Structure formats: C-alpha cells, structure tokens
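Colleague: One structure is given below, represented as structure tokens, and several questions about it will come after.
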Amino acid sequence: MYKYDAIDRALVDERVEEFRDQVSRRLSGELSEDQFKPLRLMNGVYLQLHAYMLRVAIPYGVLSAKQLRALADIARRYDRGYGHFTTRQNIQFNWPSLIDIPEILERLADVEMHAIQTSGNCIRNTTMDPFAGAAADEVEDPRPWCELIRQWSTLHPEFTYLPRKFKIAVTGAPSDRAAIRAHDIGLRVVRNDEGETGFEVFAGGGLGRTPRIGVKLTDFVDGRDLLAYLTSILRVYNLAGRRDNLYKARIKILVESMGADAFRDEVEATFAQLRGGVHLTPREEIDRIRSFFPPPLAPANDVAEGSAPSRPGFNRWLLRNVAAHKVNGLASAIISLKPIGGSPGDATADQMDAVAALAEKYAGGEIRVTKEQNLVLPHVPRGYLPKLYDALFDIGLATPNAGEATDIVSCPGLDYCNLANARSIPVAQAISHRLSADGLSDQAGDLTIKISGCINACGHHHIADIGLLGVDKRGEEHYQLTLGGSGTEDAAIGQIVGPGLSGENVPEAVARVVAAYLELRISASEKFSQTLRRTGSEPFKEAVYAH
Amino acid sequence: MRISAIAHEAPTIDEVETDPDADAVAVDGGEDPARLEALAGRMNRIVIRFPTFKDGRGFSLAARLREHAGYEGELQAAGDILPDQARHLIRVGFDAAAPDELTPAWERAATRPVRVYQPTGVDARSAAAERAQAGRARKVASLNVLFKDASPEEVLRHALADKSLGRIAALSSFGVESAVLLHLIAEIDANAPVLFLETGRHFPQTLQYKDALIERLALTNVIDLAPTPAELARHDAGGDLWRRDPDKCCDIRKVRPLSEQLRGLDALITGRKRVHGAERAQLERFELVDGVIRVNPLAEWSYEEIEEHARLHELPQHPLREMGYLSVGCWTCTEPAKTRDDPRSGRWSGSEKTECGIHGKPPEPELETSLS
Ligand code: SF4
Ligand code: SF4
C-alpha cells in the first residue's frame with residue numbers, strides 16, 4: 001500500500017488545521033452557515049436530515065487493517081457505533097457533532113486518510129477495480145496510477161470550482177469492474193507494442209438524471225502524459241461545461257451537445273499544447289509509487305494444505321464469495337455487507353475491528369471496499385479460506401450472496417438524505433427477505449439489483465439488471481422499475497418497463513421479474529441481460545403488471 | 001500577489017478589438033478563450049471577472065492565457081472571489097486580485113506558503129518533481145562516492161555504454177579543449193548525441209574545427225541547437241543584444257535552446273574542469289543542475305593531462321589556440337586569455353560575467369516556497 005511521505009503528510013495536516021480554525025469560527029458565530037457551507041463541503045461535511053454527515057475518502061477503495069480499525073474507532077467514539085460504506089468506495093458517518101469533526105479529521109490524518117474533496121464540484125475519489133493487483137485477467141495493477149491521480153487531483157488549483165462534481169474510474173483489466181464508462185472519465189490500462197504502459201480513455205459517462213455511456217477519446221495515451229491528458233479534458237470541460245442549469249452541468253451533457261468528435265478535437269488540441277511540458281510525470285515518481293505495490297507472493301507450502309471448516313455452508317460461500325487470483329494458491333474473498341434483511345453497506349465498529357484482525361491474520365492486512373458496498377480481502381492463501389469462513393460466520397459476515405440478487409446496492413435514501421424522494425434501505429431489506437425466502441436469489445445466481453432514493457442515482461440503479469428509482473408521486477413514495485442496465489464491458493442503461501410501483505408492491509414485483517427470468521432462461525448459464533435481450537421486455541412487463 | 005480594493009478600469013473586448021492601441025482588457029471568466037488569446041500578445045493587463053466564486057471558468061481561462069498563449073503581462077482576478085481561493089488563483093497565473101469583499105483574511109491568504117501536489121503552467125513545483133529531485137540528488141551523491149577514483153573512461157562507460165543514467169547526451173563547444181572529451185566519447189560510442197549551441201556568432205575557425213573533429217572521430221550524431229527565428233526577431237532584431245545585455249543574449253542563444261533539449265534528457269556530459277577556476281573550482285564528477293545529472297568526466301584533469309592525451313592520440317588543435325585563445329566562445333565576446341592560469345579570462349572580458357548560464361546553479365531542495 002502507498003505510504004505517505006513528509007509532503008503528503010504536511011498537505012493533509014495543513015488542511016486539518018485550516019478546518020479546525022474554520023469550525024471554531026463557525027461555532028463562535030464569526031462565520032454564518034452560508035459562509036461556512038462551501039468550506040465544510042470541501043472537507044466532506046454535509047448537513048443531512050438529522051445531523052451533519054461526514055464522508056471520508058477511502059482512496060480508490062483500498063484500506064489497511066490499521067485504517068479500518070481507525071474507522072471503527074471513529075464509529076464507536078463519535079458516531080452510533082457503525083459506518084456506512086457507499087457505492088463510491090467511501091465511508092459515511094451519519095451522526096458526528098460538528099465540534100468533534102476536526103478531531104476526527106486529525107485521527108484520520110494519523111492513519112493517512114482524509115475527507116478532502118468528498119463533496120463539492122471538484123474531482124472526487126477515484127473508483128477502482130476492487131480486485132486490482134489480484135485479478136487473474138489484469139494487464140497491470142492500476143493502484144499506482146490511482147495514487148498518482150489522487151495526488152494530482154488533491155487541491156487542484158484549476159479544477160476545484162468545476163461546473164459539477166467529477167469522477168474518474170480506473171481498471172487494469174479488460175473486464176470492467178469499475179464501471180469506467182459510467183464515469184466522467186474512464187481509464188483502462190493498456191500496453192503498446194513497445195510494452196509501455198498507457199491508457200485507453202473514455203469520457204462523458206455518468207448516471208443521474210441523464211444517464212450516458214462514456215465515449216472513447218483515445219486508444220492510447222502514454223502513462224507519463226496521463227496527467228497532461230486529464231488536464232486537457234478537465235480544462236475543456238471547465239471552460240465549456242454548462243453552469244446555468246445544475247442538471248445539465250455534468251461533462252456528459254457537454255460531450256453530447258458538442259458531439260464526441262468535436263469534444264475530442266478540443267481535448268487533443270489542448271493536449272498538443274500541454275504534452276511533454278511540466279505536466280509530464282517524472283519516470284522516477286512512477287517507479288517510486290509502483291514500489292509501494294509489490295506483487296503478492298505465493299503462499300508457503302504449509303499454508304496451502306488448509307483445514308476443514310467447522311461452520312456450515314462453506315462450499316456455497318466458496319462458490320459465491322471467492323474469486324480467482326493471478327497468483328497460484330491465493331484467492332480473493334468477498335465479505336458481503338448484505339446479510340438477508342440487513343441495511344446494505346453498513347458495518348458495525350465491532351465488525352470493522354474483526355475484519356481488520358482477520359485481514360492481518362489471513363490476508364496480508366489489506367482490505368478493499370467495492371462499489372457494490374462490500375469488502376474484499378484481495379490476497380488470501382487458499383488454505384486459510386476455511387478458517388476465514390468460520391471467523392466471518394461467527395461475526396455475521398459470511399452471507400454467501402456476493403453478486404446475486406440479495407447482494408442489493410442501495411443509497412441511504414429518505415432515512416438520511418435530504419434530497420431523497422423515497423426510502424431505499426427498507427425497500428432493499430424487504431426485497432432481500434422476499435428473494436431469499438423461497439430460494440429465488442439462490443436459483444438466479446448472478447443478478448444485480450440497485451436502488452436509488454432519487455434521480456441523483458447514488459445507488460447506480462441505471463446499471464443494474466433490475467433497477468429501482470424512488471420518485472415522488474403526489475407526496476407518496478413510488479418506485480420506477482428499470483431492466484437491462486449494466487456497468488461492465490457491455491455497459492448499458494436500464495430501460496423503464498412500466499408505471500411506478502408503490503413501496504409495498506416492490507418486493508413482489510421484483511420477485512416476479514426474477515421468477516420470469518428463471519422460467520425464460522435457456523440454461524443456468526444464460527445471464528439475465530442475455531435473456532432480456534433475447535425475449536425483449538414484454539414477458540417481464542407482463543409478469544410485473546398483469547396482476 | 002497584489003491585492004487591491006478596486007479592480008482596474010479596462011475596456012471591453014469589443015472595444016479592444018477595434019482599437020489597435022489598447023493594451024488592457026477586462027473580460028468575464030466565460031469569455032471565449034480563443035478570442036481573448038488572439039489579442040493577448042498586445043496586452044499589458046488583463047482583468048478576469050468572477051461573477052460568483054463558484055464559477056471556476058476564470059481559473060482555466062487564466063491557465064490558457066499563460067500556458068497556451070504565453071501571456072506575460074499582468075493578470076488580475078476581480079469580482080466575487082474568496083480568500084480561500086487565493087492559493088489557486090496564484091497558481092494558475094493571476095498576479096493581482098481585486099475582490100469585491102476585501103477582508104484582512106486576503107492579505108494572509110495571498111502570502112501564506114502552501115504545499116502543492118501538482119505543477120501548473122506558471123509554477124512547475126510539484127511533489128513529484130521534488131521527490132524526483134531528491135532521488136536524483138541521492139543518486140548523484142552516491143555516484144560521486146562510487147566513482148571517486150575512477151578514470152574518465154570508466155565514468156563515460158558507465159554513462160554511455162551501460163546507459164545507467166537514462167537518456168544522455170554530451171555538450172561540446174568544439175573549443176580549444178573539446179577534442180579530448182569527444183575523443184573519449186567516440187571511443188565508447190561514436191553515435192552518442194553531441195549537442196552544439198549554434199549561436200550564430202561562432203568564429204569561422206570554430207565551425208571548421210567542428211567539421212574536422214567530426215570527421216576525425218567519426219561522430220555520427222552531432223546536433224546543432226539554435227534559437228528560433230521568432231525568438232531572435234523578438235529579442236535581438238538589431239543583432240546587438242550581446243553588447244546591450246549579454247546575459248539576455250546568452251539566455252536566448254544558449255540557455256533556452258539547451259533547456260528545451262534537456263527536457264528529453266536525464267543526463268548531460270560536459271567538459272568542465274576544476275582548473276577553470278572560479279565557479280568551477282569545486283566541481284564534482286557528477287552534479288545535479290535543474291534536475292538533470294551533469295557528468296563531468298574531466299573534472300579533475302589538469303591541463304598537462306589534457307594536452308598529453310591530445311598529443312598521444314594526435315588530436316587536431318583548434319586553429320585559434322596558436323593565437324593565444326585558451327577558451328573560445330562567440331567571437332563577439334571572446335578575446336585571447338589574459339594568463340595561462342585563467343584560461344577563461346578572455347570570455348566577456350571587461351565585464352563581471354564569467355558564465356553564460358547553461359551550467360546553472362544546483363538548486364536547493366525545497367519543501368516549501370512562498371507563493372507571493
Ligand atoms: S440517490 Fe438521491 S436519495 Fe439516494 S443518496 Fe443520492 S441523493 Fe440521496
Ligand atoms: S557569448 Fe556573447 S554573443 Fe554569444 S550568446 Fe553570449 S552574449 Fe551572445
């Protein structure tokens with residue numbers, strides 16, 4: 001993992017000090033809430049329905065055991081004993097008091113974390129493939145590049161007052177587990193014929209009110225020129241992006257209104273000016289950052305043997321929650337934060353502590369946070385899997401449902417968020433109960449369900465097989481059902497199939513969609529999206545509405 | 001950054017476009033960058049107004065003016081800007097600000113030192129550059145220990161044959177002492193790039209000698225670096241800059257063309273020696289200048305050693321040597337040396353100037369710099 005040096009450390013410390021001063025000016029009344037607002041937002045502090053909310057960046061979703069423990073400590077000390085992992089690979093604390101926040105930020109700084117740029121119209125935390133450095137199909141570990149982007153985008157002088165927020169996603173593998181084409185900029189690591197590392201670049205993707213799939217800008221930009229290229233895209237966007245309408249301000253609207261070709265031409269013209277100049281990353285810096293991410297080692301022989309699990313259900317968990325690793329003898333284990341009927345993405349302080357301990361004991365001390373709101377131990381020797389399973393089972397974190405229908409992604413919704421039209425969490429809980437009750441989730445296998453409480457689409461409902469969007473229908477909470485979205489290589493936006501549903505009808509409607517899929521699919525290996533493409537949405541529509 | 005309560009009065013861009021004498025303009029951050037850049041060349045002052053602090057277009061407009069259009073005049077930010085934005089304004093190229101609300105916080109903000117991660121068009125400092133610099137400084141220190149007693153050949157073999165310093169070239173003036181270094185280089189790699197600063201002011205004898213050495217040593221990759229005609233036209237249209245301002249003359253004829261080339265290099269071999277005295281008396285075999293490793297294989301050689309080597313290998317002599325020139329530069333600025341002990345005494349004689357600037361000064365590693 002990356003380790004701060006004196007420069008990183010000083011940058012974060014300066015921010016903590018600055019914010020401490022701003023908070024005390026706010027508490028003494030020297031600053032009005034209006035004046036304080038842009039300042040607190042730059043430090044990840046939101047005002048929610050009930051209280052201030054603090055959003056902490058988990059840099060590209062990578063945590064050390066020590067950092068996870070610090071998060072547990074904060075949850076226990078300053079919040080109500082739990083934290084909420086978000087679809088943006090961040091963690092949110094819903095109940096801190098303002099006066100404590102500088103102290104929380106200081107504790108975060110002690111473990112090399114911060115809340116800088118987790119809100120506001122700036123470049124946000126980078127999304128990354130949670131299996132980076134472990135995935136069997138990887139061209140190159142993208143973590144060093146994400147760290148390079150983290151540093152470049154932090155307190156960027158030119159891009160801190162953009163038309164709208166801005167998100168970058170990076171994958172190091174041909175299969176896309178970072179939804180790169182659903183981000184403002186999507187990067188895929190590639191190698192050219194000379195073996196040099198570079199990037200295939202997409203721009204103009206995004207969810208929200210006007211979901212769009214990103215368009216390709218270039219097949220290859222040299223890794224050392226990456227920051228010049230990103231600067232070029234952002235510069236064009238910052239100057240030309242709309243600022244008169246909040247809902248038309250994202251880069252996707254600009255790309256669409258200019259046309260992909262014209263937008264690309266502008267970016268290339270800017271890049272021609274910047275390339276090779278000060279924005280060129282020194283080779284040494286790339287090597288230096290890379291040195292923090294050595295490839296994982298194959299486990300020792302005595303570990304390879306393993307022991308028998310003593311808790312039930314191991315094989316099912318192995319099948320669902322364990323992914324292949326590029327190193328022989330290692331595996332990646334997904335820790336589902338979706339117990340049946342639970343609140344998606346929540347983890348208690350005790351669970352965080354326990355996962356930190358398990359990561360240290362069995363997995364080299366590293367943890368990843370996924371955009372599906374789960375955790376991953378990326379490098380577990382296969383021989384440790386039974387013991388790991390037993391331990392997870394005992395703390396209620398062994399739900400064997402990774403990637404299936406009950407692994408529901410959900411935003412906080414009306415229970416916390418003041419932008420929400422409808423609740424998300426209770427709906428997720430009800431669906432989860434319904435689908436697990438008669439084994440529908442099990443039978444369906446891989447299937448994604450995502451719920452957003454409003455059109456901001458924090459729950460990524462557009463890119464789910466089954467998406468649910470909370471809408472306000474004459475003061476009542478309703479849910480719009482979409483089918484056929486995807487956030488992977490075959491990225492697609494889900495389509496609305498019929499009128500909105502009231503909350504109590506949602507679980508049954510979703511169950512019918514799943515049942516229809518089970519009936520329609522040719523074999524167990526035909527995915528939901530394939531079935532839908534083959535049959536069209538009619539039979540599903542009928543299943544939902546013809547009752 | 002200069003802070004003032006009232007923004008400069010300046011005409012609008014419409015007015016400026018029809019007034020060829022105007023040298024100042026005030027625009028909104030949303031102005032078409034191409035339109036503004038088209039007239040930036042004749043402006044001495046540009047005011048960019050921020051309608052609200054959230055509208056960040058002015059940042060990119062400023063960055064484009066500085067970085068794309070090379071605008072060097074005053075750039076003032078005006079309007080609804082916050083002291084918390086001062087650091088950003090400065091780093092994209094503003095050197096003046098006139099906020100709507102001028103609070104005491106502004107003065108603090110505009111002078112407060114800040115640490116930065118990323119370089120900008122006007123401020124090349126960055127965490128990466130700083131770290132790379134520190135890493136290279138460590139490398140240079142260890143090379144000096146490692147090659148403490150090594151011969152020039154060993155130093156050159158390390159640099160050229162092993163390519164262990166990265167992309168490298170040699171710099172030669174094809175002057176009276178140049179033959180030895182070029183000979184040593186040619187023995188190892190006659191294809192190594194050799195840079196020659198073509199100032200357009202060389203003695204004809206130097207150019208003849210250059211051709212002769214290239215032939216004798218079979219050098220295949222000698223590269224002439226010259227100032228662009230546009231630069232010359234802009235700064236030295238009369239051709240007398242060397243007399244008026246020799247530092248500026250060396251800057252456009254030598255320093256800039258070389259630093260342009262150095263962007264693509266990790267290391268540069270030079271023929272400098274301690275016996276040249278003055279700034280060079282403490283010269284190390286390896287040093288770090290502006291982030292580029294300088295390799296000075298002959299740093300510790302005496303004149304006797306140089307001459308011995310030249311005799312032994314029957315290397316041709318610079319034609320001016322017989323006439324008492326011990327160090328040769330541009331004909332405008334070179335006389336025969338005053339004494340044998342100070343061979344460079346004939347350079348820029350009658351002025352304080354002793355170096356042209358291409359060998360810089362090794363910068364102090366810095367963690368923190370004030371932006372003001
Ligand atoms: S999708 Fe809407 S309701 Fe849900 S968290 Fe985002 S803004 Fe809030
Ligand atoms: S040596 Fe003289 S003529 Fe040559 S570049 Fe310098 S000042 Fe100009």
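The values are calculated or read from the model by the stated rules, or taken from the named source; none is laboratory data. The structure displayed is predicted, hence computed values, not measured ones. Positions of Cβ are backbone-derived with ideal geometry, glycine not excepted, and every protein chain shown enters the neighbour counts. Surface accessibility is based on the protein's heavy atoms, side chains included, excluding ligands, DNA and RNA. Shrake-Rupley method; radii C 1.70, N 1.55, O 1.52, S 1.80 Å.
Colleague: Looking at the stretch A:66-93, which of its residues are basic (K, R) and surrounded by fewer than 21 Cβ atoms within 10 Å (Cβ to Cβ)? Write out each step before concluding.
Modeller: Quick first cut of the stretch A:66-93, residues basic (K, R) only: A:66, A:69, A:76-77, A:80, A:88.
Passing the criteria: A:K66, A:R69, A:R76, A:R77, A:R80.
Colleague: While we're looking at this one, here's another question. Do you know which of the residues in the stretch A:394-421 that are under 30 Å from A:T531 (Cα atoms) and within 16 Å of ligand 1 (Cβ to nearest atom) is farthest from the other protein chains (Cβ to nearest Cβ)?
Modeller: The selected residue is A:I408.
Colleague: Take A:N238 and decide whether it is at pLDDT 95 or above and either in contact with a helix residue (DSSP H, G or I) (Cβ under 6 Å, 6 or more places away or on another chain) or within 14 Å of chain B (Cβ to nearest Cβ) (or both). Steps first, please.
Modeller: On the way: at pLDDT 95 or above: yes; either in contact with a helix residue (DSSP H, G or I) (Cβ under 6 Å, 6 or more places away or on another chain) or within 14 Å of chain B (Cβ to nearest Cβ) (or both): yes.
So A:N238 passes the test.
Colleague: Turning to a different aspect of this structure: Kindly indicate whether A:G364 is more than 17 Å from the chain's Cα centre (by Cα), at pLDDT below 95 and on the phi > 0 side of the Ramachandran plot.
Modeller: Details: more than 17 Å from the chain's Cα centre (by Cα): yes; at pLDDT below 95: yes; on the phi > 0 side of the Ramachandran plot: yes.
Answer is yes for this residue.
Colleague: Another one. Taking the stretch B:39-78, which residues are open to solvent by less than 10 Å² (accessible area, probe 1.4 Å) and closer than 15 Å to B:R2 by Cα?
Modeller: Selection gives B:I46, B:V47, B:I48, B:L75, B:Q76, B:A77, B:A78.
Colleague: Now for a different question. Can you pull out the residues in the stretch A:1-44 that are in a loop (DSSP other than H, G, I, E, B) and at the interface with chain B (Cβ under 10 Å from one of its Cβ atoms)?
Modeller: Going through the stretch A:1-44, the residues in a loop (DSSP other than H, G, I, E, B) turn out to be A:1-5, A:28-32, A:42-44.
Of everything in the stretch A:1-44, those that are in a loop (DSSP other than H, G, I, E, B) and at the interface with chain B (Cβ under 10 Å from one of its Cβ atoms) turn out to be A:D5, A:M42.
Colleague: Let me ask you something else. How many of the residues in the stretch B:88-120 are open to solvent by 10 Å² or more (accessible area, probe 1.4 Å) and more than 7 Å from every other protein chain (Cβ to nearest Cβ)?
Modeller: So the count comes out to 15.
Colleague: On the basis of being modelled with pLDDT under 90 and aliphatic (A, V, I, L, M), does A:L71 make the cut?
Modeller: Values: modelled with pLDDT under 90: no; aliphatic (A, V, I, L, M): yes.
No: the conditions fail for A:L71.
Colleague: Still on this structure, I have one more. Of B:A134, B:A141, B:A127, which residue is out of contact with any Cys (no Cβ under 8 Å at 6 or more places or on another chain), within 19 Å of B:G291 (Cα to Cα) and at the interface with chain A (Cβ under 7 Å from one of its Cβ atoms)?
Modeller: On the way: B:A134 fails: at the interface with chain A (Cβ under 7 Å from one of its Cβ atoms); B:A141 fails: at the interface with chain A (Cβ under 7 Å from one of its Cβ atoms).
Just one listed residue meets the conditions, B:A127.
Colleague: So, one more: Give me a count of the residues in the stretch B:29-49 that are over 29 Å from the mean Cα position of the chain (by Cα) and over 23 Å from A:S232 (Cβ atoms).
Modeller: So the count comes out to 2.
Colleague: I would also like to ask the following. For the stretch A:485-497, which residues satisfy the criterion of being open to solvent by 20 Å² or more (accessible area, probe 1.4 Å) and either in contact (Cβ under 8 Å) with a residue 24 or more places away in the chain or in contact with a Gly (Cβ under 7 Å, 6 or more places away or on another chain) (or both)?
Modeller: Matches in the stretch A:485-497: A:T488, A:E489, A:D490, A:A491, A:A492, A:I493, A:Q495.
Colleague: On to the next question. Yes or no: A:G345 among the small types (G, A, S) and without any contact (Cβ under 8 Å) to a residue 60 or more places away in the chain?
Modeller: Working: among the small types (G, A, S): yes; without any contact (Cβ under 8 Å) to a residue 60 or more places away in the chain: no.
Against the criterion (among the small types (G, A, S) and without any contact (Cβ under 8 Å) to a residue 60 or more places away in the chain), A:G345 does not qualify.
Colleague: Same structure, new question: Give the stretch B:145-172 a look and list any residue that's in a helix (DSSP H, G or I) and either open to solvent by less than 90 Å² (accessible area, probe 1.4 Å) or not basic (K, R) (or both), or say none. Talk me through it step by step, then tell me what you get.
Modeller: Going through the stretch B:145-172, the residues in a helix (DSSP H, G or I) turn out to be B:145-146, B:152-161.
Scanning the stretch B:145-172 gives B:V145, B:L146, B:P152, B:E153, B:E154, B:V155, B:L156, B:H158, B:A159, B:L160, B:A161.
Colleague: Anything in the stretch B:215-241 that is without any contact (Cβ under 8 Å) to a residue 60 or more places away in the chain and part of a helix (DSSP H, G or I)? List them, or say none.
Modeller: As a first pass, look at the stretch B:215-241 and keep what is without any contact (Cβ under 8 Å) to a residue 60 or more places away in the chain: B:215, B:217-241.
Of everything in the stretch B:215-241, those that are without any contact (Cβ under 8 Å) to a residue 60 or more places away in the chain and part of a helix (DSSP H, G or I) turn out to be B:E215, B:L217, B:P229, B:A230, B:E231, B:L232, B:A233, B:R234, B:H235, B:L241.
Colleague: Quick one: what pairs do we get from the stretch B:347-364, first residue among the acidic types (D, E) and open to solvent by 40 Å² or more (accessible area, probe 1.4 Å), second away from ligand 2 (no atom under 13 Å from the Cβ) and at pLDDT 75 or above, C-beta under 9 Å, 6+ apart or different chains?
Modeller: The qualifying pairs are B:E355/B:R280.
Colleague: Being within 16 Å of ligand 1 (Cβ to nearest atom), on the phi > 0 side of the Ramachandran plot, of a type outside the set (V, I, T) and in contact (Cβ under 8 Å) with a residue 40 or more places away in the chain narrows it down to one of A:A464, A:A457, so name that one. Reasoning before the result, please.
Modeller: Working: A:A464 fails: on the phi > 0 side of the Ramachandran plot.
A:A457 is the lone residue from the list that is within 16 Å of ligand 1 (Cβ to nearest atom), on the phi > 0 side of the Ramachandran plot, of a type outside the set (V, I, T) and in contact (Cβ under 8 Å) with a residue 40 or more places away in the chain.
Yes or no, residue by residue, for (1) in contact with a Gly (Cβ under 8 Å, 6 or more places away or on another chain); (2) in contact (Cβ under 8 Å) with a residue 60 or more places away in the chain; (3) open to solvent by 40 Å² or more (accessible area, probe 1.4 Å):
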site	(1), (2), (3)
B:R243	no, yes, yes
B:C250	yes, yes, no
B:R256	no, no, yes
B:E260	no, no, yes
B:D266	yes, yes, no
B:K273	no, yes, no
B:A278	no, yes, yes
B:Q282	no, no, yes
B:D290	yes, yes, yes
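Colleague: Can B:I293 be described as away from ligand 2 (no atom under 16 Å from the Cβ) and in contact with a Pro (Cβ under 8 Å, 6 or more places away or on another chain)?
Modeller: Values: away from ligand 2 (no atom under 16 Å from the Cβ): yes; in contact with a Pro (Cβ under 8 Å, 6 or more places away or on another chain): no.
So B:I293 does not fit the description; no.
Colleague: Which residue, of B:A105, B:A132, B:A124, is aliphatic (A, V, I, L, M), at pLDDT below 90, touching a Gly at 6+ places or on another chain (Cβ under 9 Å) and more than 17 Å from A:T154 (Cα to Cα)? Steps first, answer last, please.
Modeller: Values: B:A105 fails: touching a Gly at 6+ places or on another chain (Cβ under 9 Å); B:A124 fails: more than 17 Å from A:T154 (Cα to Cα).
After ruling out the rest, the residue left standing is B:A132.
Colleague: In the set A:D34, A:D8, A:D13, which member is on the phi < 0 side of the Ramachandran plot, open to solvent by less than 10 Å² (accessible area, probe 1.4 Å) and charged (D, E, K, R)?
Modeller: On the way: A:D34 fails: open to solvent by less than 10 Å² (accessible area, probe 1.4 Å); A:D13 fails: open to solvent by less than 10 Å² (accessible area, probe 1.4 Å).
It is A:D8.
Colleague: Can you pull out every residue in the stretch A:186-212 that is in a loop (DSSP other than H, G, I, E, B), open to solvent by 40 Å² or more (accessible area, probe 1.4 Å) and under 25 Å from A:G485 (Cβ atoms)?
Modeller: A:R209
Colleague: In the stretch B:194-214, what count of residues is obtained for those that are part of a loop (DSSP other than H, G, I, E, B) and either surrounded by fewer than 20 Cβ atoms within 10 Å (Cβ to Cβ) or within 16 Å of ligand 1 (Cβ to nearest atom) (or both)? Full working, then the answer.
Modeller: Here is the first cut: in the stretch B:194-214, the residues part of a loop (DSSP other than H, G, I, E, B) are B:198-201, B:203.
Narrowing further to those that are either surrounded by fewer than 20 Cβ atoms within 10 Å (Cβ to Cβ) or within 16 Å of ligand 1 (Cβ to nearest atom) (or both): B:198, B:200-201, B:203.
Total satisfying the criteria: 4.
Colleague: If only one of A:E158, A:E147 is touching a residue at least 24 places away in the same chain (Cβ under 8 Å), within 14 Å of chain B (Cβ to nearest Cβ) and under 17 Å from the mean Cα position of the chain (by Cα), which one is it? Let's see the steps before the verdict.
Modeller: Working: A:E158 fails: under 17 Å from the mean Cα position of the chain (by Cα).
It is A:E147.
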